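See below for the structure under consideration.
The values are calculated or read from the model by the stated rules, or taken from the named source; none is laboratory data. Everything numeric in this text was worked out from a predicted model, so none of it was measured. Positions of Cβ are generated from backbone atoms using ideal geometry, with glycine treated the same way; all protein chains shown enter the neighbour counts.
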Amino acid sequence: MTEPSWTPLFRASASTVTKALRSHAFAASRERAVVIITDPEALRDLADVVETLPHENAPLSGITDRVAAAVRFLRAKAEELDSSAGTRTDTASPSPPVVAPERSDNNSTPPVAVVEAHERLLVAALHYLVTPVDLVPDFRAGGYIDDVLLLSWVFGSAGQELEPFLDDAALPDPDPSDTTGA
């Protein structure tokens, strides 16, 4: 008699975020982000394309505030690159410089390599958002769900880099009727 095999007959599927992170489309977006992050015009072009997406409809409506903050980040990064090169191309009021917020612990800021990696990750995620053929093609019903899940994960990972660009109106107000002091 043979021993029964204890190997599973099936594998649990990976989460949609994991699938999106491992997809060919996101790999291409990460490669493209390396180039975009150093080119002010490419950053502005990406910001312009992201702004044209229908943010008022689900599922993108759930992360509109974060996407808007990420667009402000792209524009500020482009301004920073223009300033450092001494070639400002637009005449609008300058955006705040892209800086990591201070931490409350002994380290005043995260290491530069971490900040740069998070910035590239933000650019890659926005590039993935505007790529119509990705894990779930955007032209199909529910096509933005993978984009939203991936963006939500990236916004959580790169929250410190995005925080300075969040609109105060988009942040939740403390509940005045809350008397717990929390």
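In this structure, L74 qualifies as in contact with a Leu (Cβ under 8 Å, 6 or more places away or on another chain) and without any contact (Cβ under 8 Å) to a residue 60 or more places away in the chain. Number of residues in region 129-170 that are part of a helix (DSSP H, G or I) and touching a helix residue (DSSP H, G or I) at 6+ places or on another chain (Cβ under 9 Å): the value is 23. Suppose the filter is within 15 Å of the chain's Cα centre (by Cα), within 21 Å of A25 (Cα to Cα), among the aromatic types (F, W, Y) and at pLDDT below 95; does Y128 pass it? It is false that Y128 is within 15 Å of the chain's Cα centre (by Cα), within 21 Å of A25 (Cα to Cα), among the aromatic types (F, W, Y) and at pLDDT below 95. Apart from one condition, P54 fits all of (1) at pLDDT below 95; (2) within 16 Å of D167 (Cβ to Cβ); the exception is (2). Filtered by the rule that a residue be crowded, with 18+ Cβ neighbours inside 10 Å and either of a type in the set (S, T, N, Q) or in contact with a Gly (Cβ under 8 Å, 6 or more places away or on another chain) (or both), region 132-152 gives V136, V148.
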